[in-house]
Every structure is written in C-alpha cells, then in structure tokens.
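Chemist: First the structure, which I've put down as structure tokens, then a few questions once you've had a look.
All of the numbers you see were taken from the coordinates with simple rules; none came from a lab. All figures in this text were calculated on a predicted structure; none of them were measured in a lab. We place every Cβ from the backbone using ideal geometry, glycine too, and count neighbours over all the protein chains shown.
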Amino acid sequence: MSGWDALPEVLSPVGRPLADVLAMGPRRQALPGFEPVYRDFVDYIMRCTHRIWEEKNIGLCRTHYGADVVMHTLNGPSCGAEAVVQGTIGSLAMSSDRQVIGEDVIWSDDGLADGGRLYSSHRITSQMTHMGDDAMLGAASWRGIGVTTIADCACRENRIVEEWLVRDNWRAVVQVGGDPWAVAQRWAAADREGDQARHGWRAADIAAVRGADCEIPEVHPAALPAAMLRAAFRDDQYGDAAAALSPAAEVRWPSNRHGFGRGYWIGCATQLRSLLHDAAVRIEHIAARPLPHGDTAVALRWSLTGVHRGPGLWGPATGREILILAVSHYRLRGGSIVEDVTVFDELAVLRQVAGGLGA
Amino acid sequence: MTGLHALAGGARDAPVLGACRLESGGVDVFGSEAIIDAFRRAPLPLDDAVSVENARGVALFASGEAVFADLYDGYIGRLWRVGQADPGTLEPAVGVAFDPDLAQARATVLFAASDHPDLAADAAARVEAAGRTIIDDPAQFRARACVVRAFGDATTGAALYAVHGLAAGVVRTPSLAMAAACWNDEGFRIVRDHPSAHVAHVRIAG
C-alpha cells in the first residue's frame with residue numbers, strides 16, 4: 001500500500017471545473033487493465049460515472065462492474081453487473097435529467113500491485129426531476145430532488161468488484177412531498193412476507209460490527225476522525241471525541257441535520273446513541289487525499305449497531321436490533337476537523353424500526 | 001469585476017463550479033445551473049456594493065444583503081447569501097438537541113483562528129467583536145455565533161457567521177441563521193438573515 005498522499009498529480013475534483021476533470025490526456029497513474037481513456041483513478045471514477053449516467057451508455061456497466069460484484073446497501077445487497085444495469089436503467093427512467101455531480105473522490109491504493117484493489121469513496125450530490133413513478137418516491141411528482149450519495153468502490157482491472165452505497169433517502173422522499181415513515185412501514189410489511197432467510201445478510205453484518213476495526217496507522221490522517229468515532233460510540237466520551245473538531249466545525253448529517261460546532265456534533269452522536277442500547281461501532285475502511293489550499297480529505301466507512309430501546313426520534317422503543325452503514329467525509333485543516341459530511345440511509349433505518357429486513 | 005459580482009448581478013456566464021452549493025436562508029441550491037438561475041431570478045442590485053477579496057475568498061455587501069464565496073483559481077466553489085428576503089421553502093429536517101457551550105462558562109463566539117489562514121492575527125478581535133454584536137439580539141434567549149469564514153486584517157476584512165439560537169420566551173424554538181460582517185476604519189457593516197420558521201422534526205416514526 002502506498003502512502004496516502006502519494007501521486008500528488010492525481011488531483012481531487014474539488015475546486016476544478018468539470019471540463020478540466022474530464023479533459024483527455026496521457027495516463028498519470030499506473031492502472032493495469034484499465035481502459036486507455038482513464039488517466040488516473042479519480043478520472044476513472046468521474047469519467048465512468050459521466051459515461052454511464054449522463055451519456056446514458058448504461059451497458060458500460062458490463063465492462064465496469066465485475067460479473068459477480070456485490071453492492072452493499074442498508075436495504076440489502078445486490079449481486080452481479082446485470083443487476084447494476086437494470087437498476088441504473090430504472091433510475092434514469094424515473095429521472096432522466098439526472099446530473100451526477102461529483103463533489104470529491106477520496107481514494108486509497110489497497111495493495112493494487114500485490115493483487116489488491118484501488119478503493120474510492122465518491123461523494124455525489126445528484127440533481128434530478130422526479131419524472132416517473134418509483135417504488136420509493138411514489139408517483140411522479142415533477143419536483144426537483146437533490147440528495148447526497150457516497151459510493152465506496154473497490155476496483156481492479158477496470159471493474160468495480162465490490163461497492164458500498166449510502167444515500168440520504170429520507171431527504172429524497174421528503175423532497176417529493178412523501179412520507180418516509182409510511183414508505184418504511186410499507187416496505188417492512190412486504191419484508192415480513194415470504195422466505196425470511198433472504199434477510200440473513202443483516203444478521204451477519206450486525207455480527208461483523210462487533211468485530212475489530214480495520215487497520216488505522218497512527219500517522220494516517222484518518223486516525224483523528226477514527227478516534228473521534230471510537231471515543232463517542234465505543235467509550236461514550238463525547239466531549240473528548242468532539243475535541244477533534246474545530247469549535248466552529250460544520251456538520252452535515254443525513255435527513256437535513258445541519259449545524260456547527262462541537263456541541264452540535266455531540267448532539268448528532270448522542271441522538272443515535274440514545275436510541276441504540278448495547279451499541280457497537282466498527283470502522284471498516286479509511287482513505288485520505290490532499291485537497292486544495294493545504295487541506296486534507298478523509299473518508300471513513302463505518303457501521304453502527306445496537307438495540308432500539310430508546311424512545312424518541314424513531315418513535316417508541318421497539319427492541320429491534322438496528323444496523324447502520326455510514327460513510328463520513330471529513331475536511332481536516334490545521335490538525336482539526338473543520339467539516340463532517342456523513343451519509344447513511346435513515347429511511348432504511350426506519351424500515352428496520354418498522355420490523356423490516358428481518359429486524 | 002469579479003466573478004462574484006457577475007454572478008450576483010445575474011450573469012449567465014459566471015464562473016461557478018459544477019459542484020458548488022449555495023445556501024440562502026437555510027435553503028440549499030446545488031450545481032452551477034441552478035445557482036446561476038437563482039441569481040438570475042433574484043439578482044443583487046450592486047450600486048452600493050462593497051467587496052472584500054483575497055485569492056481564496058470574496059465577500060460582497062450590497063443592498064442589505066451579503067454574499068460570500070470560496071474561490072478556487074477564480075472559480076466559485078461554495079456560496080452563502082445572507083439577508084435574502086425570500087430565499088424559498090425550507091425542507092423538513094431532523095432536529096438535533098445540543099449544548100453549544102459544553103461548560104457553564106458560556107462562550108459567545110465560537111472561533112478558531114487556525115481555521116482561517118487568510119485572516120491576519122490582528123483581525124481576530126474584529127471578528128469576535130462583530131460576532132458579539134450579531135448575537136446581541138433580544139429575540140434570542142441564547143445565541144452563539146460560529147465563525148464559518150473570515151479573511152482580511154484589522155483595517156479591512158469580512159467574516160461569515162452561523163448563528164445557533166433559542167428563542168426568548170416560554171417556548172425556546174431553535175434556529176440556525178447566517179450573518180455576515182465586514183469592517184474598515186469606519187466600523188462594521190452587519191447583515192443578518194431574516195427570521196424564518198424552523199421546520200425540525202423531533203420524531204420521524206411511530
């Protein structure tokens with residue numbers, strides 16, 4: 001694995017016009033087995049997203065996803081490139097004017113040269129119009145939607161071989177005037193029908209959350225936010241945790257949680273923790289890359305689990321085991337976290353609260 | 001004329017990055033197309049405009065409003081518009097209960113100079129003084145100003161604040177609003193967002 005700040009010529013898309021990001025040119029990074037059009041790994045992520053979603057060459061998914069790719073979401077895994085093709089077509093039929101606007105790609109070399117993978121954490125805020133009926137969003141509302149998604153992709157030889165996808169679906173539903181709790185209840189009712197073994201993935205993932213964190217070198221920029229998450233969700237030392245943040249840090253969490261300061265971050269963390277008893281947190285992947293102006297971008301993929309025994313935001317306590325898959329993007333400056341953008345699918349959390357997904 | 005002047009005046013070719021976010025009165029607008037459209041529909045009259053600029057940020061004060069921009073080689077990467085009369089409809093949001101101070105020794109302005117490399121050391125007092133003025137609001141029981149952006153020196157500078165507050169009265173309705181200040185030898189100019197209804201949910205199920 002190379003250093004987190006190796007290859008400084010592989011630039012973040014932050015602060016760059018799209019024309020610059022997508023400019024053609026010679027390769028800047030060793031990418032064995034990748035199509036010649038891709039100059040570096042950031043270019044691969046940004047350009048293939050553009051080719052598939054905006055140029056509508058959806059069939060490229062068959063050469064850009066592994067045949068056996070597993071896409072992990074909090075609604076369950078989907079398997080295979082054909083599932084990706086069909087899902088992409090369905091999404092674009094619902095919102096064909098979708099602009100998939102890449103905000104950042106925070107990536108790591110996880111031993112590519114030794115048979116490992118390149119890993120990207122791609123933060124996207126899509127802009128689209130709800131033009132067609134959708135299982136989640138309901139009948140076409142012709143309202144604008146703009147929500148943040150983070151797609152973590154493990155890649156080798158031009159293909160995404162494993163993906164973790166988190167999307168702010170609670171916000172998407174409210175943007176079209178829908179009722180997320182009603183959607184969650186409807187889905188949960190369907191989940192309780194049929195072969196319950198199909199929800200076995202969730203129990204396995206919950207068990208895994210109580211395992212060890214991924215390796216996090218002390219000198220890696222991710223060590224700071226990782227320690228923050230551990231201090232909060234493992235040790236319940238929220239004041240100590242929040243000391244990693246600037247006193248005026250900006251915090252954006254799902255479902256339009258938006259505020260500033262250490263106290264606000266503690267509020268977000270304790271809100272979840274008050275709902276989930278016997279909680280466990282696991283940090284599953286880290287990446288970091290330089291940003292303009294000397295800042296550093298850090299991506300953490302993490303999971304949180306616990307038993308819903310606290311009344312409050314999610315209604316009366318249900319006693320159900322809840323799983324949260326989250327990705328956080330942090331901006332570090334001067335040894336502090338100045339921005340925390342965290343995404344998890346709170347609609348899928350409500351689905352579990354309502355007794356779905358095997359909960 | 002800077003790119004921000006062009007954008008604020010409603011120009012269609014303003015240098016706005018594709019992944020730019022505009023926040024105005026708690027309403028988000030994302031992407032260059034939507035942002036340029038938003039300013040085209042509601043431009044700022046720039047007759048009395050005052051601007052404070054450096055390589056990485058610019059602030060524009062005009063007609064009772066303020067616009068702050070993060071710059072990347074002249075491109076606008078992030079925007080805040082403060083004091084707009086009708087920014088649009090707030091989305092529903094999950095409300096978060098929190099303590100802004102973490103101590104009985106109450107802070108007023110939450111500020112770390114290290115967050116703002118383009119702010120000269122002698123300007124910190126200006127930033128804090130403007131922040132204290134901003135939160136001196138009888139409509140608020142408890143207001144705290146978080147310094148979001150700040151640049152300049154003691155003679156000329158600007159700062160952008162996020163103000164968390166609780167309403168004065170029996171029901172302490174929470175709020176988050178932006179405010180902006182610029183200063184010169186003559187004093188401060190301060191702009192605040194208009195009060196808006198805070199649509200926060202404390203329960204989203206059950």
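Chemist: What nm value, rounded to one decimal, do you get for the distance between residue B:203 and residue B:105 when each label is placed 7 Å out toward the C-beta?
Modeler: 4.0 nm
Chemist: Size of the dipole of the protein assembly as shown about the Cα centre, Lys and Arg at +1 and Asp and Glu at -1 on the beta carbon, nothing else charged, in debye to 20?
Modeler: About 980 debye.
Chemist: Give me the net charge for the shell around residue A:40: Cβ to Cβ below 11 angstrom, other residues only, Lys and Arg +1, Asp and Glu -1.
Modeler: +2
Chemist: For a quick check, take a GNM of chain B with Cα springs below 10 Å and name the residue from B:23, B:128, B:186 with the largest mean-square fluctuation.
Modeler: B:186
Chemist: Work through the residues other than residue A:7 whose Cβ is under 13 Å from its Cβ and net out their charges, Lys, Arg +1 and Asp, Glu -1.
Modeler: Summing Lys/Arg as +1 and Asp/Glu as -1 gives -1.
Chemist: May I pose another question? Can you give me the orientation-averaged projected area of the convex hull built on the Cα atoms of the stretch A:42-196, in nm²?
Modeler: Across all orientations, the stretch A:42-196 yields a mean hull projection of 9.5 nm².
Chemist: Next question. Applying 1/(1 + (r/R0)^6) with R0 = 51 Å to the Cβ-Cβ distance of residue B:121 and residue A:236, what FRET efficiency is obtained, to the nearest 0.05?
Modeler: Here the calculated transfer efficiency is 0.85.
Chemist: Apply the Karplus parameterisation 6.51 cos²θ - 1.76 cosθ + 1.60, with θ equal to phi minus 60°, to every residue of the stretch B:63-80 and state each ³J(HN,Hα) to the nearest whole Hz, in sequence, with x for glycine and proline.
Modeler: Along the stretch B:63-80, the couplings run 6, x, 10, 9, 10, 10, 9, 7, 10, 10, 6, x, 8, 8, x, 7, 9, 10 Hz.
Chemist: Next question, about the same structure. What share of Cα pairs, in percent, lie more than 25 angstrom apart in the stretch B:53-188?
Modeler: In whole percent, the share of Cα-Cα pairs in the stretch B:53-188 beyond 25 Å is 29.
Chemist: Per residue of A:312-318, how many C-beta atoms from partner chains lie within 10 Å of its own C-beta, taken as a mean?
Modeler: Counting Cβ atoms of other protein chains within 10 Å of each residue's Cβ and averaging gives 4.
Chemist: Can you give me the relative contact order of the stretch B:84-206 as a percent, contacts being Cα pairs under 8 Å and 6 or more apart?
Modeler: 25 percent
Chemist: Check residue A:126: other-chain or 5+ apart residues with amide H under 5 Å from its amide H, H built from backbone geometry?
Modeler: The list, which skips near neighbours in sequence, is A:101, A:147, A:149.
Chemist: Given labels modelled 7 Å from the Cα in the Cβ direction, how far is it in nm from residue A:37 to residue B:141?
Modeler: For residue A:37 paired with residue B:141, the spin-label model returns 5.9 nm.
Chemist: Give the share of C-alpha pairs in each 5 angstrom bin for the stretch A:63-144, from 0 to the last occupied bin, in whole percents, shortest bins first.
Modeler: Percent of pairs per bin, in order: 3, 12, 14, 20, 23, 14, 7, 4, 2, 1.
Chemist: Once Lys and Arg get +1 and Asp and Glu get -1 on their Cβ, which of A:197, B:140, B:83 lies farthest toward the positive end of the dipole of the protein assembly as shown?
Modeler: Comparing the listed Cα positions along the dipole, A:197 ranks first.
Chemist: Under a crude label model (7 Å from the Cα following the beta-carbon direction), how far is residue B:37 from residue B:129 in nanometres?
Modeler: 4.4 nm
Chemist: Here's something else I'd like to know. Quick one: length gained pulling residue A:208 to residue A:56 fully straight, 0.36 nm per residue minus the C-alpha distance?
Modeler: Length gained between residue A:208 and residue A:56: 51.0 nm.
Chemist: Right, here's the next one. With contacts defined as alpha carbon pairs under 8 Å and 6 or more residues apart, what's the relative contact order of chain B in percent?
Modeler: RCO, chain B: 17 percent.
Chemist: Then there is this: With equal scatterers on the alpha carbons only and no solvent term, can you work out the Debye log10 of I(q)/I(0) for chain A at 0.10, 0.12 1/Å?
Modeler: Result of the Debye calculation: -0.61, -0.91.
Chemist: Can you tally the net charge around residue B:81? Count Lys and Arg as +1, Asp and Glu as -1, for every other residue whose Cβ sits under 15 Å from the Cβ of residue B:81.
Modeler: Within the 15 Å Cβ shell, the charges total -1.
Chemist: Taking amide H positions as placed 1.01 Å from N in the peptide plane, with prolines and chain starts having none, which residues 5 or more places from residue B:141, or on another chain, fall under 5 Å of its amide H?
Modeler: Residues meeting the amide H criterion: B:166, B:167, B:168.
Chemist: Report the relative contact order of chain A, percent, no decimals, based on alpha-carbon pairs under 8 angstrom and at least 6 residues apart.
Modeler: Once divided by the residue count of chain A, the mean separation gives 16 percent.
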